[in-house]
Amino acid sequence: MGLRPRNAAATATLTATRPTAFTGRKWVRWTQRMKAEFLDNLAGSCNVKASAEAIGVNVISVYALRRRDAEFALNWQIALASGYQLLETLVLGHVLSGASRDAGIETPHNAGTLDMDTALRLLSAHRNAAGKPSDTAGPPRRRSDMAETDAAILKKLSAIEKRRGAA
């Protein structure tokens, strides 16, 4: 026989503080506001751990949400891409201002300062990262169905035959 609280507040408290069976971490009730604040911090710092701490949740909970929620995962990628664009802008501004390489780069969201070597390593890692969103403009890519691919192949084959016949 389980615990049956008498009111909704007690139910929320029990649910929010119940540890999971395997890791002992606490359940997190993700609200839209929490997601937005996390993504905003992520876009400003490119730091998942600091962004999770800023909203008061464990990093494991954030990664678990990303695995479960496809929309959140897409927004995560967009926030990271935005964060790296911001980081590029900050580095460029730092260099163009004539500041020394040893001077720290101020980051938004009270993330502190970032040294130039770390910033360049982050940018290099991001440039080579697999699975990041494409920088191409336009509508999102879609997969063609079998009929469309067959039609495209037949069209190309007929063009090849015409060229061979003309030659």
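Structure notes:
- Odd one out for residue 160, checked against (1) at pLDDT 90 or above; (2) open to solvent by 40 Å² or more (accessible area, probe 1.4 Å); (3) under 27 Å from residue 39 (Cβ atoms): (3)
- Residue ranges of helices (runs of 4 or more DSSP H) in segment 34-118 with at least 3 members surrounded by fewer than 17 Cβ atoms within 10 Å (Cβ to Cβ) and modelled with pLDDT under 90: 70-96
- Flag if residue 154 is modelled with pLDDT of 75 or more, within 30 Å of residue 91 (Cα to Cα) and not β-branched (Val, Ile, Thr): no
The values are calculated or read from the model by the stated rules, or taken from the named source; none is laboratory data. This structure is a prediction, so every number in the text was calculated from the model and none was measured. Cβ: placed from backbone, ideal geometry, glycine included. Neighbour counts: every protein chain shown. Note: accessible area is taken over every heavy atom of the protein model, side chains too, but ligands, DNA and RNA are not part of it. Shrake-Rupley method; radii C 1.70, N 1.55, O 1.52, S 1.80 Å.
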